[in-house]
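**Student:** Let me give you the structure first, and then I'll get to my questions.
The values are calculated or read from the model by the stated rules, or taken from the named source; none is laboratory data. Note that the structure is a prediction, hence the values are computed from the model and not measured. FYI the Cβ positions are ideal-geometry reconstructions off the backbone, even for glycines, and counts take in every protein chain you see.
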Amino acid sequence: MAEVERKRPGWFSRLTFGTAALVIAGLLLLSYLSVFVNPAKAWFFTIFGLMFIPLVVLTTLFFIWALFRRSRMTGFLLLMLLPAIFLIGKYYQRKAPELTREPTLKVVSYNVGLFAHGDMGDKRLVLADSIAAYLRKTEADIICLQEFYLPNALNMDAWFRDHFPGYHADYYVLTGEKGHAGNVTLTRRPVLYKGKIDFEKSTNMALHTDVQLDSTVLRFYNCHFESYNISLSGLVRSLKKVDDEAVEDTGRKMRRSIVQRPRQVDAVMQDVDACPVRSVVLGDFNDNPLSYTLYRLSRGRSDAFVKAGKGFGATFRTLWPLLRIDYILYPRDLEAVRCEVPKVRYSDHYPVITTFYEKR
């Protein structure tokens, strides 16, 4: 019996598939371009960057479907996926480099979430003690914390002396009715200079600390850029209730933070450009790897996770493994040899721990 010829899809089916494929591929193209567009001028490009991973998955599914259908869209979809092959390393690394000698510097960046987001049900001070004990065990030379918190009744200097013996504490906090909150940089190396960068109309900030290493002086910028200031659980509840006002308010908050972040990045970069020594820029950037924020801050610096990470680099626990928003960006004075993102559940963020060789 003769083999039955496979029936080709009708024109309407081909038109529908082609249109959907074009839309998905077009959105993926916009996510690529989001790196180069300043969100202060076109805020919505940030959304395309956030959608990179889902768009890659959807485009891949359409490519497989097109291959199965022997569609003329197959080559086009493959072409649109090619840049993703080079960009996926910003989110996932298969293999870390091998250690050839003992690292000489260890750096930690950690958003501790005001000691209010641990999974153990602990009170804030108990959780603060647990995080301090964990960080001491890392034996890091430099520890940069964001969203640090202590109640007003406690003396900050005494707390750091008790919990981080041997470290110099450089901090800047805002004092409210319930306590002190801000950024902290702890270092076991000699400190030569320190300062801060205030962000306009924001409680966020950046600390900078000049540290004497074995062979050079580096400035460490401990940054906390504007967050989206939204609750994911609250947004889901408002969507379920079809609460248009709550959804609109969420949209306003997102737009405001998206527009503020590049201005804060510019403020840091102005200081970086005027700095007489090379600099490490790290902290909670509240932006994804395919973003104008990271593109701007990475000029002249390497991404520690891309160079020395393994597995998923996502640092925001709530949407793991999609959101990587905490970074350590370093200059050529250093060589990253290991970058870890331990899944410790003390905060809504995971720490970024990187060991380096100091180049001589």
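**Student:** Take the residues in the stretch 323-343 that are surrounded by 16 or more Cβ atoms within 10 Å (Cβ to Cβ) and part of a loop (DSSP other than H, G, I, E, B), then tell me which one is farthest from the chain's Cα centre (by Cα).
**Tutor:** Asp333
**Student:** Could you list all residues from the stretch 21-46 that are out of contact with any helix residue (DSSP H, G or I) (no Cβ under 7 Å at 6 or more places or on another chain) and modelled with pLDDT under 90?
**Tutor:** Lys41, Ala42, Phe44
**Student:** Would you say Thr355 is assigned to a strand (DSSP E or B), of a type in the set (S, T, N, Q) and crowded, with 17+ Cβ neighbours inside 10 Å?
**Tutor:** In short, yes.
**Student:** Then there is this: Of these, Pro165, Pro151, which one is in contact with a strand residue (DSSP E or B) (Cβ under 6 Å, 6 or more places away or on another chain), farther than 26 Å from Gly313 by Cα, surrounded by fewer than 14 Cβ atoms within 10 Å (Cβ to Cβ) and not aliphatic (A, V, I, L, M)?
**Tutor:** Just a single option satisfies the conditions, and that option is Pro151.
**Student:** How many residues does the stretch 270-289 hold that are buried (at least 24 other Cβ atoms within 10 Å of the Cβ), among the charged types (D, E, K, R) and in a loop (DSSP other than H, G, I, E, B)?
**Tutor:** The qualifying residues number 1.
**Student:** Can you tell me how many residues within the stretch 290-317 are assigned to a loop (DSSP other than H, G, I, E, B), small (Gly, Ala, Ser) and in contact (Cβ under 8 Å) with a residue 40 or more places away in the chain?
**Tutor:** Residues that pass the stated criteria total 4.
**Student:** What tally of residues in the stretch 305-323 results from selecting those that are of a type in the set (Phe, Trp, Tyr) and at pLDDT 95 or above?
**Tutor:** Result for the stretch 305-323: 1.
**Student:** Which residue is modelled with the highest pLDDT, if the candidates are limited to the stretch 204-228 and must be assigned to a loop (DSSP other than H, G, I, E, B) and surrounded by 13 or more Cβ atoms within 10 Å (Cβ to Cβ)?
**Tutor:** The extreme case among them is Phe225.
**Student:** Could you look through the stretch 113-131, keep only residues that are free of Cβ contacts under 8 Å to residues at least 60 places away in the same chain and surrounded by fewer than 20 Cβ atoms within 10 Å (Cβ to Cβ), and pick out the one that is farthest from Val191 (Cα to Cα)?
**Tutor:** Top of the filtered list is Gly121.
**Student:** Could you grab me the full set of residues in the stretch 312-360 that are touching a Phe, Trp or Tyr at 6+ places or on another chain (Cβ under 9 Å) and of a type in the set (Val, Ile, Thr)?
**Tutor:** Of everything in the stretch 312-360, those that are touching a Phe, Trp or Tyr at 6+ places or on another chain (Cβ under 9 Å) and of a type in the set (Val, Ile, Thr) turn out to be Thr315, Ile325, Ile328, Val337, Val341, Val344, Val352, Ile353, Thr354.
**Student:** Name the helices (runs of 4 or more DSSP H) wholly inside the stretch 28-145 in which the number of residues that are assigned by TED's automatic domain parsing to the domain that holds Phe316 is 3 or more.
**Tutor:** In the stretch 28-145, 124-138 are the helices (runs of 4 or more DSSP H) which contain 3 or more residues that are assigned by TED's automatic domain parsing to the domain that holds Phe316.
**Student:** Report whether or not Pro103 is in contact (Cβ under 8 Å) with a residue 12 or more places away in the chain and within 19 Å of Ile143 (Cα to Cα).
**Tutor:** It is true that Pro103 is in contact (Cβ under 8 Å) with a residue 12 or more places away in the chain and within 19 Å of Ile143 (Cα to Cα).
**Student:** To continue, here is another question. Just the residues that are at pLDDT below 90 and surrounded by fewer than 17 Cβ atoms within 10 Å (Cβ to Cβ), please, taken from the stretch 68-93.
**Tutor:** Phe68, Arg69, Arg70, Arg72
**Student:** In the set Thr318, Thr354, which member is in the same structural domain as Phe148 (by TED's automatic domain parsing) and under 23 Å from Ser34 (Cβ atoms)?
**Tutor:** Thr318
**Student:** If we scan the stretch 293-304, do we find a residue that is at pLDDT 95 or above, surrounded by 23 or more Cβ atoms within 10 Å (Cβ to Cβ) and small (Gly, Ala, Ser)?
**Tutor:** So far as the stretch 293-304 goes, yes, one or more of its residues are at pLDDT 95 or above, surrounded by 23 or more Cβ atoms within 10 Å (Cβ to Cβ) and small (Gly, Ala, Ser).
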